[in-house]
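Enquirer: Pasting a structure here, questions to come.
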Amino acid sequence: MKNYGFAIIGCGMISDFHSSAIAEMEYGQLVAVSSRSAENAKRLVDRYDVPSYSDYHQMLARTDIDVVCICTPSGAHMEPAVAAAKAGKHVIVEKPLEITLDRCDAIIKACQDNKVRLCAIFNSRFSEASQIFKNTVDSGRLGRLTLGDAYVKWWRTQDYYDSGGWRGTWGLDGGGALMNQAIHAVDFLQYLMGPVKSIQAFTDTLAHQRIEVEDVAVAVLRFENGALGVIEGTTAAYPGWLRKIEISGTTGSIVLEDEDIIKWDFAEPDPIDQQIIEKFAEQQSGGGGASDPRAINHDNHRRQMEDLIFSIEEERSHLVDGSEGRKAVEIILAIYKSNQEGQVVHLPL
């Protein structure tokens, strides 16, 4: 198997997760970075001994780059992603794929037109617990799905928002607690439950100053399969609790807390039940980003990147392509629209 050369565009905080994941890949190597901030770029240059470029178009001319990670602010993903696709590079975009559906679609089209892969980072799908959860739901063991809930009650200080001029803005953050923090839970919820049919929602800014976007949001969902659900997302819940996903059906319920299964209850027992209960009884999730955005493990980034390059080698599809990455963005935009219009919003938008 060939060794894949990776480059990073945007050297803010999230680039640390991408670069650390690349460094631990057996068949991946970071070869270059690009940033408008010389200080941010120097952090990665010193760590990995790679060159930096202030103009990413110059970097994209390198022939040793196979994959480009887009780590710019959320509302500035489209331009470098499209440029990377036109340069013939496979593209990995940190969540969200973009902040509007038109901009998501432009990235998707550019990758399709240039016959390169597009991978949208939803690394929560790649933990062992998440895979067990997904496989069990798909097996039908929960019976008819009745409720699907996602709770992200996190805390961010005022300093967090003040530390970057793009944070908390519609133009570059694209939203607040939902688009930036809770989007992983939104993605995983719809991954388990299937498409959302309609949404009624409320959002507000209750704990932070000098931000344009929400720090509290609550939405009630109806899924296409008939089940109901709730999404709660906030950065205003001190001190911040672990993210929780709860799925219930007529013959079983599962609760995931960060990367640990904490409830595993079924009407009909199975020999695997005790193994799963014992396995996760021994684990304890870390902070999971509940109060510190840096307290997130990069292992799932690595697993997702490996899924991409293995899929290229094996000529198969990868788990989170552009169309998959678009789904959570559409749900969040529907929540914003429901709050603005004060009525139920039906999907697709």
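Enquirer: Can you tell me how many residues in the stretch 156-178 are of a type outside the set (D, E, K, R) and loosely packed, with under 14 Cβ neighbours inside 10 Å?
Expert: Of the residues in the stretch 156-178, 4 are of a type outside the set (D, E, K, R) and loosely packed, with under 14 Cβ neighbours inside 10 Å.
Enquirer: While we're looking at this one, here's another question. Out of the residues in the stretch 175-234 meeting the condition of being of a type in the set (S, T, N, Q) and without any contact (Cβ under 8 Å) to a residue 60 or more places away in the chain, tell me which one is nearest to residue 335 (Cα to Cα).
Expert: 205
Enquirer: Do you know which residues across the stretch 179-198 are surrounded by 21 or more Cβ atoms within 10 Å (Cβ to Cβ) and in a strand (DSSP E or B)?
Expert: Hit for the stretch 179-198 is 196, nothing else.
For every residue, the table says whether it meets (1) surrounded by fewer than 16 Cβ atoms within 10 Å (Cβ to Cβ); (2) under 21 Å from the mean Cα position of the chain (by Cα); (3) part of a loop (DSSP other than H, G, I, E, B); (4) modelled with pLDDT under 95.
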{"site": "229", "(1), (2), (3), (4)": "no, yes, no, no"}
{"site": "245", "(1), (2), (3), (4)": "no, yes, no, no"}
{"site": "265", "(1), (2), (3), (4)": "yes, no, no, no"}
{"site": "278", "(1), (2), (3), (4)": "yes, no, no, yes"}
{"site": "305", "(1), (2), (3), (4)": "no, yes, no, no"}
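Enquirer: Condition first: surrounded by fewer than 17 Cβ atoms within 10 Å (Cβ to Cβ) and under 30 Å from residue 332 (Cα atoms). Now tell me which residues in the stretch 38-86 satisfy that.
Expert: 79, 86
Enquirer: One residue is enough: does the stretch 281-297 have a residue meeting the conditions without any contact (Cβ under 8 Å) to a residue 60 or more places away in the chain, surrounded by fewer than 19 Cβ atoms within 10 Å (Cβ to Cβ), among the aliphatic types (A, V, I, L, M) and under 30 Å from residue 90 (Cβ atoms)?
Expert: yes
Enquirer: Oh, and also: Within the set of pairs 6+ apart or on separate chains, which have a first residue in the stretch 35-59 that is assigned by TED's automatic domain parsing to the domain that holds residue 80, a second that is among the aromatic types (Phe, Trp, Tyr) and surrounded by 12 or more Cβ atoms within 10 Å (Cβ to Cβ), and C-beta atoms under 8 Å apart?
Expert: Matching pairs, first to second residue: 59/53.
Enquirer: Within the stretch 143-151, can one find any residue that is surrounded by fewer than 16 Cβ atoms within 10 Å (Cβ to Cβ), in contact (Cβ under 8 Å) with a residue 60 or more places away in the chain and at positive phi?
Expert: Yes.
Enquirer: Only residues in the stretch 155-167 that are in contact (Cβ under 8 Å) with a residue 24 or more places away in the chain count as the first member; pair them with residues that are in a strand (DSSP E or B) and surrounded by 16 or more Cβ atoms within 10 Å (Cβ to Cβ), Cβ under 9 angstrom, at least 6 apart or cross-chain, and list the lot.
Expert: 155/234; 155/236; 156/236
The values are calculated or read from the model by the stated rules, or taken from the named source; none is laboratory data. Just so it is clear, the model here is predicted, and its values are computed rather than measured. With ideal geometry, Cβ positions are generated from the backbone for all residues, glycine too; neighbour counts draw on all protein chains shown.
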